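Written out below as C-alpha coordinates is the structure these notes cover.
The values are calculated or read from the model by the stated rules, or taken from the named source; none is laboratory data. It should be emphasised that the depicted structure is a prediction, and the values quoted were computed from it without experimental measurement. Ideal geometry is used to build each Cβ from the backbone, glycine not excepted, and the neighbour counts take in all protein chains shown.
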(Lines give C-alpha, C1' and ligand atoms only; values in the text may rest on other atoms or scores of the structure.)
Protein backbone atom coordinates (compact mmCIF):
# COMPACT_ATOMS: atom_id res chain seq x y z
CA UNK A 1 0.00 0.00 0.00
CA UNK A 2 1.52 3.36 -0.98
CA UNK A 3 2.33 5.75 1.83
CA UNK A 4 -0.08 8.57 2.46
CA UNK A 5 1.01 11.90 0.98
CA UNK A 6 0.97 14.42 3.85
CA UNK A 7 -1.48 17.26 3.44
CA UNK A 8 -0.08 20.76 3.05
CA UNK A 9 -0.37 22.44 6.43
CA UNK A 10 -1.45 26.05 6.59
CA UNK A 11 1.39 28.12 8.12
CA UNK A 12 -0.91 29.47 10.83
CA UNK A 13 -1.99 25.96 11.80
CA UNK A 14 1.64 24.82 11.77
CA UNK A 15 2.64 27.64 14.09
CA UNK A 16 -0.24 26.82 16.43
CA UNK A 17 0.37 23.08 16.63
CA UNK A 18 4.12 23.51 17.15
CA UNK A 19 3.90 26.42 19.60
CA UNK A 20 5.91 25.90 22.78
CA UNK A 21 2.79 25.80 24.93
CA UNK A 22 0.88 23.18 22.94
CA UNK A 23 2.62 20.18 24.55
CA UNK A 24 1.76 21.75 27.91
CA UNK A 25 -1.85 22.02 26.78
CA UNK A 26 -1.63 18.33 25.82
CA UNK A 27 -0.41 17.62 29.34
CA UNK A 28 -3.42 19.41 30.83
CA UNK A 29 -5.71 17.53 28.44
CA UNK A 30 -4.20 14.29 29.66
CA UNK A 31 -4.69 15.14 33.33
CA UNK A 32 -8.37 15.84 32.70
CA UNK A 33 -8.82 12.39 31.24
CA UNK A 34 -6.66 10.99 34.02
CA UNK A 35 -9.25 12.33 36.45
CA UNK A 36 -11.92 10.47 34.48
CA UNK A 37 -9.72 7.35 34.53
CA UNK A 38 -9.82 7.47 38.33
CA UNK A 39 -13.61 7.34 38.15
CA UNK A 40 -13.48 4.37 35.79
CA UNK A 41 -10.94 2.55 37.98
CA UNK A 42 -13.20 2.78 41.02
CA UNK A 43 -16.66 2.43 39.52
CA UNK A 44 -16.56 0.13 36.49
CA UNK A 45 -15.31 -3.02 38.28
CA UNK A 46 -18.01 -2.45 40.89
CA UNK A 47 -20.77 -2.15 38.28
CA UNK A 48 -21.41 1.54 38.95
CA UNK A 49 -22.16 4.32 36.46
CA UNK A 50 -19.27 6.59 35.53
CA UNK A 51 -21.73 9.46 35.01
CA UNK A 52 -24.03 9.50 38.04
CA UNK A 53 -23.71 10.38 40.83
CA UNK A 54 -21.03 13.03 40.62
CA UNK A 55 -17.71 12.72 42.43
CA UNK A 56 -18.08 12.30 46.20
CA UNK A 57 -15.80 11.84 49.16
CA UNK A 58 -15.47 8.14 49.93
CA UNK A 59 -15.42 8.86 53.68
CA UNK A 60 -18.22 11.38 54.30
CA UNK A 61 -20.17 11.13 51.03
CA UNK A 62 -20.13 14.89 50.43
CA UNK A 63 -20.18 15.92 46.75
CA UNK A 64 -16.83 17.26 45.58
CA UNK A 65 -17.16 20.78 44.20
CA UNK A 66 -15.64 21.60 40.85
CA UNK A 67 -12.82 23.71 42.30
CA UNK A 68 -11.84 20.78 44.52
CA UNK A 69 -11.86 18.41 41.55
CA UNK A 70 -9.19 20.04 39.38
CA UNK A 71 -6.60 17.45 38.35
CA UNK A 72 -3.37 17.56 40.37
CA UNK A 73 -3.90 21.17 41.52
CA UNK A 74 -6.79 20.43 43.88
CA UNK A 75 -4.95 17.51 45.45
CA UNK A 76 -1.94 19.71 46.19
CA UNK A 77 -4.02 22.62 47.46
CA UNK A 78 -6.04 20.36 49.75
CA UNK A 79 -2.87 18.53 50.83
CA UNK A 80 -4.46 15.22 49.97
CA UNK A 81 -7.47 15.63 52.27
CA UNK A 82 -11.22 16.13 51.88
CA UNK A 83 -12.27 19.73 52.48
CA UNK A 84 -15.47 18.64 54.25
CA UNK A 85 -14.26 15.93 56.65
CA UNK A 86 -10.45 16.11 56.42
CA UNK A 87 -10.25 12.42 55.53
CA UNK A 88 -7.10 11.49 53.58
CA UNK A 89 -7.37 11.06 49.81
CA UNK A 90 -5.22 8.38 48.22
CA UNK A 91 -2.09 9.66 46.50
CA UNK A 92 -3.00 7.37 43.63
CA UNK A 93 -5.54 9.89 42.33
CA UNK A 94 -2.81 12.41 41.63
CA UNK A 95 -0.43 9.73 40.34
CA UNK A 96 -2.96 8.57 37.73
CA UNK A 97 -3.63 12.16 36.64
CA UNK A 98 0.09 12.92 36.33
CA UNK A 99 0.75 9.67 34.44
CA UNK A 100 -2.04 10.43 31.96
CA UNK A 101 -0.78 13.98 31.54
CA UNK A 102 2.81 12.90 30.91
CA UNK A 103 1.71 10.26 28.41
CA UNK A 104 -0.40 12.82 26.53
CA UNK A 105 2.57 15.23 26.55
CA UNK A 106 4.99 12.58 25.24
CA UNK A 107 2.60 11.34 22.56
CA UNK A 108 1.87 14.88 21.36
CA UNK A 109 5.57 15.63 21.03
CA UNK A 110 6.28 12.37 19.20
CA UNK A 111 3.22 12.20 16.94
CA UNK A 112 2.36 15.84 16.27
CA UNK A 113 5.28 18.21 16.84
CA UNK A 114 8.15 16.12 15.46
CA UNK A 115 6.35 14.99 12.26
CA UNK A 116 5.19 18.57 11.54
CA UNK A 117 8.69 19.96 11.96
CA UNK A 118 9.93 17.26 9.57
CA UNK A 119 7.42 18.26 6.89
CA UNK A 120 4.56 15.92 7.74
CA UNK A 121 0.84 16.64 7.86
CA UNK A 122 -1.67 17.08 10.63
CA UNK A 123 -2.58 13.38 10.65
CA UNK A 124 -0.50 13.15 13.81
CA UNK A 125 -3.24 14.90 15.77
CA UNK A 126 -5.56 11.93 15.20
CA UNK A 127 -2.71 9.51 15.97
CA UNK A 128 -2.02 11.34 19.25
CA UNK A 129 -5.63 10.95 20.36
CA UNK A 130 -5.89 7.33 19.19
CA UNK A 131 -2.82 6.19 21.06
CA UNK A 132 -3.71 8.25 24.10
CA UNK A 133 -6.99 6.30 24.35
CA UNK A 134 -4.97 3.08 24.23
CA UNK A 135 -2.53 4.28 26.91
CA UNK A 136 -5.35 5.51 29.15
CA UNK A 137 -6.96 2.08 28.94
CA UNK A 138 -3.63 0.54 30.01
CA UNK A 139 -3.55 2.81 33.07
CA UNK A 140 -7.10 1.82 33.99
CA UNK A 141 -6.53 -1.94 33.74
CA UNK A 142 -3.30 -1.65 35.72
CA UNK A 143 -5.10 -0.34 38.78
CA UNK A 144 -8.27 -2.41 38.48
CA UNK A 145 -6.11 -5.54 38.33
CA UNK A 146 -4.00 -4.41 41.29
CA UNK A 147 -7.10 -3.63 43.34
CA UNK A 148 -9.57 -6.35 42.46
CA UNK A 149 -7.88 -8.79 40.08
CA UNK A 150 -10.23 -7.47 37.39
CA UNK A 151 -9.51 -6.37 33.82
CA UNK A 152 -12.87 -4.87 32.81
CA UNK A 153 -14.42 -6.05 29.56
CA UNK A 154 -16.10 -2.63 29.34
CA UNK A 155 -12.65 -1.09 28.91
CA UNK A 156 -10.51 -3.51 26.93
CA UNK A 157 -13.06 -4.85 24.44
CA UNK A 158 -14.29 -1.47 23.07
CA UNK A 159 -10.70 -0.21 22.84
CA UNK A 160 -9.65 -3.41 21.06
CA UNK A 161 -12.55 -2.94 18.62
CA UNK A 162 -11.41 0.64 18.03
CA UNK A 163 -7.92 -0.58 17.18
CA UNK A 164 -9.25 -3.14 14.71
CA UNK A 165 -11.55 -0.61 13.02
CA UNK A 166 -8.77 1.95 12.65
CA UNK A 167 -6.41 -0.71 11.30
CA UNK A 168 -9.04 -1.61 8.68
CA UNK A 169 -9.94 1.96 7.72
CA UNK A 170 -6.69 3.88 8.27
CA UNK A 171 -3.77 1.42 8.48
CA UNK A 172 -1.23 4.25 8.19
CA UNK A 173 -2.70 5.81 11.30
CA UNK A 174 -2.74 2.51 13.17
CA UNK A 175 0.74 1.54 12.04
CA UNK A 176 -0.43 -2.02 11.36
CA UNK A 177 -2.60 -3.72 8.75
CA UNK A 178 -5.99 -5.05 9.73
CA UNK A 179 -4.88 -8.61 9.00
CA UNK A 180 -1.94 -8.33 11.37
CA UNK A 181 -4.03 -6.52 13.97
CA UNK A 182 -6.71 -9.22 13.87
CA UNK A 183 -4.16 -12.02 13.86
CA UNK A 184 -2.19 -10.59 16.78
CA UNK A 185 -5.38 -9.92 18.75
CA UNK A 186 -6.62 -13.48 18.25
CA UNK A 187 -3.20 -14.93 19.05
CA UNK A 188 -2.88 -12.96 22.28
CA UNK A 189 -6.23 -14.16 23.55
CA UNK A 190 -5.64 -17.72 22.37
CA UNK A 191 -2.32 -18.00 24.21
CA UNK A 192 -3.89 -17.19 27.57
CA UNK A 193 -7.07 -19.18 26.94
CA UNK A 194 -5.02 -22.25 25.96
CA UNK A 195 -2.75 -22.05 29.00
CA UNK A 196 -5.75 -21.64 31.27
CA UNK A 197 -7.64 -24.53 29.66
CA UNK A 198 -4.66 -26.90 29.91
CA UNK A 199 -4.15 -26.16 33.60
CA UNK A 200 -7.86 -26.43 34.41
CA UNK A 201 -8.23 -29.61 32.35
CA UNK A 202 -5.23 -31.51 33.61
CA UNK A 203 -4.50 -30.06 37.03
CA UNK A 204 -7.77 -28.40 38.03
CA UNK A 205 -6.01 -25.17 39.03
CA UNK A 206 -6.19 -21.56 37.92
CA UNK A 207 -3.12 -20.58 35.89
CA UNK A 208 -4.09 -17.33 34.16
CA UNK A 209 -7.28 -15.32 34.08
CA UNK A 210 -9.07 -14.66 30.82
CA UNK A 211 -8.81 -10.95 31.60
CA UNK A 212 -5.11 -11.19 30.71
CA UNK A 213 -6.11 -12.74 27.40
CA UNK A 214 -8.51 -9.88 26.65
CA UNK A 215 -5.80 -7.38 27.55
CA UNK A 216 -3.43 -9.10 25.10
CA UNK A 217 -6.24 -9.03 22.55
CA UNK A 218 -6.34 -5.23 22.93
CA UNK A 219 -2.56 -4.94 22.76
CA UNK A 220 -2.40 -7.09 19.64
CA UNK A 221 -5.17 -5.08 17.95
CA UNK A 222 -3.17 -1.88 18.39
CA UNK A 223 0.45 -3.01 18.27
CA UNK A 224 0.45 -6.07 16.01
CA UNK A 225 2.76 -9.02 16.52
CA UNK A 226 5.87 -7.02 17.54
CA UNK A 227 3.92 -5.32 20.32
CA UNK A 228 2.27 -8.56 21.39
CA UNK A 229 5.60 -10.38 21.62
CA UNK A 230 7.19 -7.49 23.48
CA UNK A 231 4.29 -7.35 25.96
CA UNK A 232 4.57 -11.07 26.67
CA UNK A 233 8.36 -11.19 26.93
CA UNK A 234 9.03 -7.89 28.66
CA UNK A 235 5.93 -8.24 30.83
CA UNK A 236 7.03 -11.63 32.14
CA UNK A 237 10.61 -10.44 32.71
CA UNK A 238 9.57 -7.28 34.50
CA UNK A 239 7.08 -9.14 36.66
CA UNK A 240 9.98 -11.19 38.00
CA UNK A 241 12.30 -8.22 38.43
CA UNK A 242 9.70 -6.17 40.27
CA UNK A 243 7.59 -8.74 42.08
CA UNK A 244 10.34 -11.00 43.47
CA UNK A 245 12.04 -8.24 45.52
CA UNK A 246 8.69 -6.98 46.76
CA UNK A 247 7.59 -10.42 47.92
CA UNK A 248 10.99 -11.15 49.45
CA UNK A 249 10.63 -8.04 51.59
CA UNK A 250 7.08 -8.94 52.58
CA UNK A 251 5.34 -6.47 50.28
CA UNK A 252 2.30 -7.65 48.37
CA UNK A 253 2.01 -6.74 44.69
CA UNK A 254 -1.80 -6.69 44.62
CA UNK A 255 -3.99 -4.89 47.13
CA UNK A 256 -6.25 -7.89 47.75
CA UNK A 257 -6.26 -11.68 47.62
CA UNK A 258 -7.54 -13.41 44.49
CA UNK A 259 -9.68 -15.93 46.36
CA UNK A 260 -10.99 -13.28 48.74
CA UNK A 261 -12.28 -11.24 45.80
CA UNK A 262 -13.33 -13.96 43.35
CA UNK A 263 -13.68 -17.05 45.50
CA UNK A 264 -17.39 -17.37 44.68
CA UNK A 265 -16.80 -17.28 40.92
CA UNK A 266 -17.83 -20.71 39.53
CA UNK A 267 -15.38 -20.28 36.63
CA UNK A 268 -12.43 -19.78 38.96
CA UNK A 269 -10.29 -22.87 39.41
CA UNK A 270 -8.50 -23.85 42.60
CA UNK A 271 -5.24 -22.08 43.37
CA UNK A 272 -2.00 -24.04 43.18
CA UNK A 273 -0.15 -23.68 46.51
CA UNK A 274 3.16 -24.05 44.66
CA UNK A 275 2.28 -21.57 41.92
CA UNK A 276 3.36 -17.97 41.54
CA UNK A 277 6.36 -16.30 43.08
CA UNK A 278 7.45 -17.21 46.62
CA UNK A 279 4.24 -19.22 46.88
CA UNK A 280 2.10 -16.18 46.11
CA UNK A 281 0.19 -15.14 43.03
CA UNK A 282 0.71 -11.81 41.35
CA UNK A 283 -1.55 -10.02 38.86
CA UNK A 284 0.02 -10.16 35.40
CA UNK A 285 -2.07 -7.38 33.86
CA UNK A 286 -0.05 -4.45 35.25
CA UNK A 287 3.17 -5.88 33.82
CA UNK A 288 1.59 -6.50 30.42
CA UNK A 289 0.31 -2.91 30.49
CA UNK A 290 3.74 -1.56 31.45
CA UNK A 291 5.39 -3.44 28.59
CA UNK A 292 2.73 -2.20 26.15
CA UNK A 293 3.38 1.39 27.24
CA UNK A 294 7.08 0.84 26.62
CA UNK A 295 6.29 -0.41 23.13
CA UNK A 296 4.17 2.65 22.34
CA UNK A 297 6.82 5.09 23.54
CA UNK A 298 9.79 3.21 22.04
CA UNK A 299 8.08 1.66 19.03
CA UNK A 300 10.61 2.59 16.28
CA UNK A 301 13.56 1.27 18.28
CA UNK A 302 11.78 -1.91 19.36
CA UNK A 303 10.50 -2.67 15.85
CA UNK A 304 14.04 -2.32 14.50
CA UNK A 305 15.21 -4.70 17.22
CA UNK A 306 12.43 -7.13 16.28
CA UNK A 307 13.39 -6.98 12.58
CA UNK A 308 17.04 -7.58 13.43
CA UNK A 309 16.08 -10.59 15.56
CA UNK A 310 13.84 -12.09 12.87
CA UNK A 311 16.37 -11.57 10.09
CA UNK A 312 19.16 -13.03 12.18
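Conditions (1) surrounded by fewer than 15 Cβ atoms within 10 Å (Cβ to Cβ); (2) under 20 Å from the mean Cα position of the chain (by Cα), marked per residue:
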residue	(1), (2)
199	no, no
202	yes, no
211	no, yes
224	no, yes
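Listed residues 54, 58; which is in a loop (DSSP other than H, G, I, E, B), touching a strand residue (DSSP E or B) at 6+ places or on another chain (Cβ under 7 Å) and free of Cβ contacts under 8 Å to residues at least 60 places away in the same chain? Lay out the reasoning, then the answer.
Numbers: 58 fails: touching a strand residue (DSSP E or B) at 6+ places or on another chain (Cβ under 7 Å).
Just one listed residue meets the conditions, 54.
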Taking residue 251 as meeting all but one of (1) within 26 Å of residue 218 (Cα to Cα); (2) at pLDDT 65 or above; (3) more than 20 Å from the chain's Cα centre (by Cα), write down the number of the exception. (1)
How many residues does the stretch 28-45 contain that are closer than 17 Å to residue 154 by Cα and without any contact (Cβ under 8 Å) to a residue 60 or more places away in the chain? 5
Take the stretch 150-175 and flag every residue that is at positive phi and under 13 Å from the mean Cα position of the chain (by Cα). none
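Determine, yes or no, whether residue 188 is farther than 30 Å from residue 22 by Cβ, in the same structural domain as residue 290 (by TED's automatic domain parsing) and crowded, with 20+ Cβ neighbours inside 10 Å. Reasoning before the result, please.
Numbers: farther than 30 Å from residue 22 by Cβ: yes; in the same structural domain as residue 290 (by TED's automatic domain parsing): yes; crowded, with 20+ Cβ neighbours inside 10 Å: yes.
It is true that residue 188 is farther than 30 Å from residue 22 by Cβ, in the same structural domain as residue 290 (by TED's automatic domain parsing) and crowded, with 20+ Cβ neighbours inside 10 Å.
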Give just the number: which of (1) at pLDDT 95 or above; (2) more than 16 Å from residue 288 (Cβ to Cβ) does residue 170 not satisfy? (1)
Condition first: surrounded by fewer than 21 Cβ atoms within 10 Å (Cβ to Cβ) and not in a helix (DSSP H, G or I). Now tell me which residues in the stretch 93-149 satisfy that. 118, 119, 120, 121, 122
Please go through the stretch 1-49 and give me each residue that is touching a helix residue (DSSP H, G or I) at 6+ places or on another chain (Cβ under 6 Å), farther than 19 Å from residue 74 by Cβ and either at pLDDT 95 or above or assigned to a loop (DSSP other than H, G, I, E, B) (or both), ordered by number. 4, 18, 23, 26
